[in-house]
Amino acid sequence: MCGIVGYIGDKNITSVLLVGLERLSYRGYDSSGIAVISDGELSWWKRAGKIHELENTVKGLNIAGHIGIGHTRWATHGQPNEVNAHPHISGTPKVAIVHNGIIENYLDIRDLLISEGHVFQSETDSEVIVKLVEKYLAESTSLEHALELAINHLHGTYGLAALSETEPEKIVVCRKGSPIIIGLGDNENYVASDINAVIQHTKKIVYLDDNQIAIVERNNVRYKNVNGAFVEKTPQIIKWDSEAAEKQGYPHYMLKEIFEQPTVVRTILEKYVPSGNQIVFKDLRISPQIFKQLNRFIIQACGTSWHAGIIGKYLLESYARVFTEVDFSSEFRYRQMLTEGSEVVIAVSQSGETADTLACIREAKLHHFPILSFVNVKNSSMDRESDGVIYSHAGQEIGVASTKNYLAQLVCFLLFTLYIGRERGTITQEESDTLIIALQKVPEYISSILDKADQIKTIAEKYGFCREFLFIGRGLNYPTALEGALKLKEISYIHSTGYAAGELKHGPIALIDSKLPVVCICPSSKTYDKMVSNIQEVKARKGKTIVIATEGDTVIKNFADDVIYIPQMPEELTPIVSIVPLQLLAYYVALSLDCDVDQPRNLAKSVTVE
Ligand code: M6R
């Protein structure tokens, strides 16, 4: 969580920092700040609220200087106010620090420093870092050395950037558990917590590893291991296009990303089924022999990626006949990881940086599990730390509510299931071919739902005043109900819950009355009749039903207040398509309530704290 950017060079310093922060704001957006050195003197500006508050503050100030750092915050310790915003500043000489992560032992350090006479202003864990640097700067020769001594005290995670009046020509950065990259330019250099902040300036990127420090000057960057020797690091050339970070005429990133979904499916098929009917995962890097002898997949993920993982379980168990567990990363990490030596841990993540999921990978590696990650962001920590990777090829996802990457993960899970099923001989080539041919029609199916955006908007406006929603589904579309409910609650702040429809009568049915909308995911499937019974149970209690059904289903109209039809398709594909109307429903409900769709309150795109 939180975003860091820093720059040394001749460009306009405030512009580079503010644009960088804006592009990082999906990582946290409750307060922000910048610090700049000009003529050897450090100045800083901080504001509570979104980045435009800071922009309004510095607009017209004509800030000079060619070196600075900035931060956008997602509050962990202390309210999102100006005092708690970063940078945190020391006394004399002035040092500025921006920090991502959590310092777990900050209270002990704080007490110690207070007993030594240091005075604290904020409630944050981060301020202890600047006070430690201040203390060691008084005794040491360089900012780099003072920072090294300071981080020796820290337990927890950090991505840090520091600036000091004592060495006004350098930014020192370091990381442990929270990403830091260095963007290399010509007579200029950048630092950031991820490439989005710098990609419009340079595509030459160095990824700092845990426990490494970089000393960044205008024409030189040195890397070293903490308390150790200098190391060589090779820059990577990033292919991402900064255009993807624009809204391209859409009012919100979320809507743009929903509409990009047909293209995403086509891209995945081009990448993984490049010719004929053979599925090829170039970066799988786990031997087919392991999959043949496998007893169990353990899928671990958070949020929307966890929902994709449940669909993965249904598919892998049904077609590849592998027992598959799905766990929240935050739970799996602290459970006993039992292994019989024939399991693969699958991590599912859009960002590849989610702290809980990453911590599971690291823990699972200690227990010798092979790790396969389903990841969107290339070169993310999970990408780099996994044995094998299946990229979801969704392109850059900026809206905090995940849409196109979820759909991409479902397509990847289906292809992966077919691949594993073929390796294990649990499905025939013919069965696999049939599903691949059907998958090729999915972009068309999604487009047909996108064409119904106006109808879905009307339904959204009809129910937007309701303060509670239920979502129900069965089998492969039970996770669709969970995901539809999550989309709605995270961007509209309406309480919504997803249930396996069969569970309704075991408690939730008590909630149903004439004011409760129930979204029922009911395409043609093995459990269609059971779903229809559940919908009738809702209707019998005067609940309002919004039903996702298959074209040609005329029966359903009798029990539905509103129907959104999806095309006919094999059941295995229905979760991929039926999530699209629910994404649009959430979007239009949030819009009707005037909510900030792309940056909902209290959330951040990438959750890099545990
Ligand atoms: O980057 P990840 O997929 O690991 O992120 C996991 C969750 O934080 C994420 O899916 C979150 O639930 C989204 N806001 C959902 O829209």
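Things to note:
- Volume in Å³ per residue [convex hull over Cα atoms, computed for the chain]: 157
- Taking 7 Å steps out from each Cα toward its Cβ at residue 10 and residue 536 produces label points 7.8 nm apart.
- Once the C-beta distance of residue 339 and residue 429 is scaled by a Förster radius of 35 Å, the resulting FRET efficiency is 0.60 to the nearest 0.05.
- Over the stretch 446-598, the alpha carbon radius of gyration divided by the compact-protein estimate 2.2 N^0.38 Å works out to 0.93.
- Contour excess over end-to-end distance, with Cα ends at residue 367 and residue 283 and 0.36 nm allotted per residue: 28.0 nm
- Label-reachable residues, the stretch 465-491, where backbone N falls under 13 Å from a point 7 Å from residue 601's Cα toward its Cβ: 490-491
- Relative to the longest principal axis of the Cα atoms of the chain, the long axis of helix 528-540 makes an angle of roughly 80 degrees.
- Considering every alpha-carbon pair of the stretch 3-243, the percent of pairs per 10 Å bin, from zero through the bin containing the longest distance, is 8, 36, 39, 15, 1, 0.
- For the stretch 367-382, 3J(HN,Hα) per residue [Karplus equation, 6.51 cos²θ - 1.76 cosθ + 1.60, θ = phi - 60°, Hz, x = Gly/Pro]: 8, 6, 6, x, 10, 10, 10, 9, 9, 8, 7, 5, 6, 5, 4, 5
- Label reach from residue 557 (point 7 Å along Cα→C-beta): in the stretch 564-583, amide nitrogens under 18 Å belong to 564-568.
- Rg followed by Dmax, in Å, when the stretch 30-124 is reduced to its Cα trace: 14.1, 42
- Whole-number accessible area per residue in Å² for the chain, which is evaluated in the context of all protein chains at 1.4 Å: 37
- Ignoring aspartates and glutamates fewer than eight residues from residue 441 along the same chain, the ones with Cα atoms less than 15 angstrom from its Cα are 270, 433, 571, 572.
- Mean separation of Cα contacts under 8 Å (6+ apart) over length of the stretch 246-440, as relative contact order %: 27
- Helix 453-463 axis, angle to the chain major axis (alpha carbon atoms, nearest 10°): 90
- Estimated distance in nm for a label pair at residue 61 and residue 39, the labels positioned 7 Å out from Cα along Cα-to-Cβ: 1.6
- Length gained when the stretch residue 231-residue 121 is fully extended (0.36 nm per residue, less Cα-Cα span): 35.9 nm
- Entries in 457/526; 176/365; 239/489 that, when Cα-Cα distance is taken, lie over 28 Å: 457/526; 239/489
- The Kirkwood radius of the stretch 246-440, taken over pairs of alpha-carbon atoms, gives through the Stokes-Einstein law at 25 °C and 0.890 mPa s a diffusion coefficient of 146 µm² s⁻¹.
- Partner lysines for residue 539 [C-alpha distance under 16 Å; skip if fewer than 8 residues away on the same chain]: 505, 515, 530, 557
- Residue-span extension gain [residue 318 to residue 275] - 0.36 nm each, minus C-alpha spacing: 12.9 nm
- When the P(r) is computed for the stretch 521-610, the part past 19 Å accounts for 52% of the Cα-Cα pairs.
- Principal-axis tilt of helix 574-592 within the chain, Cα atoms, nearest 10 degrees: 60
- Pair residue 514, residue 448: separation of 7 Å Cα→Cβ label points (nm): 3.6
- Given 11/256; 11/247; 282/313, the pairs whose alpha carbons are separated by over 27 Å: 11/256
- Antiparallel %, DSSP beta bridges [both residues in the stretch 3-243], to 5: 100
- Counting DSSP beta bridges with both ends in the chain, the antiparallel % (nearest 5): 60
- Column: log10 I(q)/I(0), Debye, Cα scatterers of the stretch 274-360, q = 0.10, 0.15, 0.20 Å⁻¹: -0.27, -0.61, -1.04
- Computed in the context of the full set of protein chains, the accessible area of the chain at 1.4 Å probe radius has 49% of its extent on carbon or sulfur.
The values are calculated or read from the model by the stated rules, or taken from the named source; none is laboratory data. Keep in mind that this is a model prediction, so the values were computed, not measured. Here the Cβ is made from the backbone with ideal geometry for all residues, glycine too, and neighbour counts use every protein chain on show. To get the accessible areas, we keep the full protein, side chains included, count just its heavy atoms, and leave off ligands, DNA and RNA. Shrake-Rupley method; radii C 1.70, N 1.55, O 1.52, S 1.80 Å.
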